[in-house]
Amino acid sequence: MDTNERLRRLAFEVGYRMLGSAAEADDVAQETLLRLHAADGVDNDEAFATTVATRLSIDVLRSARVRREQYVGEWLPEPLVEAASVPGAAAGAVASAVAPPDPVAYVEADETISLAFLALLERLSPEERAVLVLREAFGYGYDEIGAVLDKGEAACRQLLSRARKRIDADRPRFDADAERRDALATRFIDAARGGDLDGLVALLADDVVLVGDGGGKARALPRPFVGAEAVGKALSGFVRIGIAQGFTLEPARVNGQPGLLARDRDGALAAVMSLDVADGRIARVNSVVNPDKLARLGSTSPFALRPSARRGG
């Protein structure tokens, strides 16, 4: 990998974790490279790229505050998808959703890029988010973070402490064994494909959460469903509707976690789901149906599915 691509990828990683948008992260990465090339006498190009990407991302978050607050329904990040990395997926079934080459190389190894974790970061201020990302995702020291944000080490420690207090209670849990996570996801997909609704529900944790993001542009859950019964009914409704309309399910890796793609009979993408697995059960299902967030993956389906279930639990 040449220097430009290495730095572009670094800037993209920072931007995506900060913003949850591959399109906005692309813009951050491009602007970072432009500023790097225009600068004179840069001693540490990685530190420069990280600093510029972080500060640009903070500016984007601040400018997008009203837009984020007015977002219709639940917000989930734009998913990063790689189908060929999951057993059972057709090789080359899905092109990478991100511009840097081989995104799975870092997506798989880092749970801070999961949809659930990135959605949780929406609770934080831009600077809190920056400190948490730089510390937990990139392992930066407080002196390095202070240089990026132009703050003292004590201020950065305080920002990190405040950020962790805001999210720690709801931080997603993941099984450490990736093979076990994938095996459970395969059972989930097989049960859904076969219409085995009892088998599907049996894979859910008692306190499982289902979150859907339609952004007002596709029908989705009005708010999260919580509990095995409520989520089981919602997923059962999704499966029934999907089977009736000729939908297919493909295994995929979504933001480093096992997941699946729902396609209509013409092969267009209707939904991307990620499955968070903890303690041998599915603890959270994230479903992105907003067509704006799926457009980078190819054609999107005109069908907008909504699980035909009442809220329970």
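The values are calculated or read from the model by the stated rules, or taken from the named source; none is laboratory data. Keep in mind the model is a prediction, meaning the values are calculated, not measured. Positions of Cβ are generated from backbone atoms using ideal geometry, with glycine treated the same way; all protein chains shown enter the neighbour counts.
No other residue among D150, D168 is surrounded by fewer than 17 Cβ atoms within 10 Å (Cβ to Cβ), more than 28 Å from A252 (Cβ to Cβ), of a type outside the set (S, T, Y) and modelled with pLDDT of 95 or more apart from D150. Checking each residue in the range 250-265 for being more than 15 Å from E78 (Cα to Cα) and not small (G, A, S) picks out E250, P251, P258, R263, D264, R265.
Counting only strands (runs of 3 or more DSSP E) wholly contained in the range 203-288, the ones carrying 2 or more residues that are hydrophobic (A, V, I, L, M, F, W, C), under 22 Å from the mean Cα position of the chain (by Cα) and over 14 Å from A116 (Cα atoms) occupy 204-213, 248-254, 257-263, 269-278. Checked against the criterion of being out of contact with any helix residue (DSSP H, G or I) (no Cβ under 8 Å at 6 or more places or on another chain), more than 24 Å from Y71 (Cα to Cα) and modelled with pLDDT of 90 or more, the candidates G267, G280, G237 yield just one match: G267.
The combined condition, being under 22 Å from E69 (Cα atoms), buried (at least 18 other Cβ atoms within 10 Å of the Cβ) and in contact (Cβ under 8 Å) with a residue 24 or more places away in the chain, is not fulfilled by V208.
L118 meets the conditions (1) surrounded by fewer than 16 Cβ atoms within 10 Å (Cβ to Cβ); (2) in the same structural domain as M18 (by TED's automatic domain parsing) in every case but one. The failed one is (1).
Among residues of the range 160-172 that are in the same structural domain as E111 (by TED's automatic domain parsing) and charged (D, E, K, R), those with a beta-carbon under 9 Å from a residue that is modelled with pLDDT of 95 or more and not in a helix (DSSP H, G or I) at least six positions away or on a different chain give the pairs R162/L124; R162/S125; R166/L124. Across the range 253-285, the number of residues qualifying as without any contact (Cβ under 8 Å) to a residue 40 or more places away in the chain and acidic (D, E) comes to 2.
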